[in-house]
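Colleague: Right, I'll just put the structure down here and ask away after.
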Amino acid sequence: MDVLLVRLRFPFYSVARRSFQVRTSLILPSPSALKGALARGLVLLRGADGENLDDVARKAVEELDEKLVDAKAVGVAPLTPMVKTAFLLKRLRNLEKGSKPEKDDAMRREYVFTKELLVAYIFKNLTEEEKNLYLRAAMLIDTLGDTESLSTVVWAGFVKPLKNSAPLAFYAPYGEISNALTKKVQSGGAVRISTETMLVSPDYGSRREEVFYLPIEERRKKRVVYYERTAKVPDVEGAIELDGEVFGIWIPGN
């Protein structure tokens, strides 16, 4: 296994379970959004191959899925909380076919304000040429979620996962991690349970969703609700190290 780590910096982002105009945001970006961002980088590198945009995107995701085992994210150092805030978004629609130049619309949209996320793409059996391709594609990620969610790649690189036991840092499928949560409680430890239902992949029809365990907890400061990583998590057999910090990561099949 090879893990491509991408450190993304934001002003804010919005990733939703459904692409409605008025919507709430997931706390962390879904696997589907992460795959889509990397697939877009592949298209930018090699050009469009398809009859329309949906066909181009479908082919890029299908190619990615042949090698990609999993994709997940975590808030990273310098540790900053994730704060959800909703505001009214107004934008012009004069680029749409048949729109008048003055036509616009407004919608209420929720965004998550944070400084940085660490994204992990877990691959299998990559050649050096493929590693170089996916690394270059990752460096082209400039949005994550909706078109207003601008991001900047501040670092990206491949690392080998360690076989060390470490506290879980990245989110993981709840069904796969539930045994580890139970063992933690049975041994006298404490866990913080936070879950979200997220889209697994841009499937263009089936829209397969799954419940994910998020190793975060909700906190409150007066009227402000925010989220940050929690220490009340189970240990998992798998880790990655970056800048002296060890992140426990659940790798399917381990």
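Every number here is computed from the coordinates shown, using simple stated rules; none is lab data. Here the structure is a predicted model, which means the values were calculated and not measured. Heads up, the Cβs are rebuilt from the backbone with ideal geometry, glycines too, and the neighbour counts pull from every protein chain shown.
Colleague: Longest segment of the chain with no GluC sites (Glu not before Pro) in a DSSP loop having at most 10 other Cβ atoms within 10 Å? List each step's numbers first, then the result.
Modeller: Numbers: sites that count: 51, 66, 96, 102.
The longest such stretch corresponds to 103-254.
Colleague: Among the chymotrypsin sites (Phe, Trp or Tyr not before Pro) in the stretch 186-229, which ones are in a DSSP loop with at most 11 other Cβ atoms within 10 Å of the Cβ? Mind listing them?
Modeller: none
Colleague: Counting each DSSP H run of 4 or more residues in the chain as -39500 (n - 2.57), what helix-only mean residue ellipticity at 222 nm follows after dividing by all residues, to the nearest 500 deg cm²/dmol?
Modeller: On the way: 4 runs with 53 residues, N = 254.
-6500 deg cm²/dmol, from helical runs alone.
Colleague: Relative contact order for the stretch 2-248: what is it in percent, counting Cα pairs under 8 Å that are at least 6 residues apart? Present the calculation step by step, with values, prior to reporting the outcome.
Modeller: On the way: 526 pairs, mean separation 68.1, N = 247.
After rounding, I find 28 percent.
Colleague: Can you tell me the relative contact order of the stretch 206-254? Whole percent, Cα pairs under 8 Å, sequence separation 6 or more.
Modeller: 22
Colleague: Give the distance, in whole Å, between the Cα centre of the stretch 134-149 and the Cα centre of the stretch 22-51.
Modeller: Using only Cα atoms, the two centres lie 7 Å from each other.
Colleague: If you don't mind, there's one more thing I want to ask. Considering the chain, what Rg and Dmax in Å follow from its alpha-carbon atoms?
Modeller: My reading of the Cα-based Rg and Dmax gives 18.7, 65 Å.
Colleague: So, one more: In straight Cα distance, which lysines are under 19 Å from residue 67, not counting same-chain residues fewer than 8 positions off?
Modeller: Partners within reach: 35, 59, 124, 131, 160.
Colleague: Moving on to the next point. Measure up 115/184; 163/221; 115/222; 72/163; 72/115; 115/183 against 29 Å on the Cα-Cα distance and list the ones that go over.
Modeller: From the list (115/184; 163/221; 115/222; 72/163; 72/115; 115/183), the Cα-Cα distance tops 29 Å for 115/184; 163/221; 115/183.
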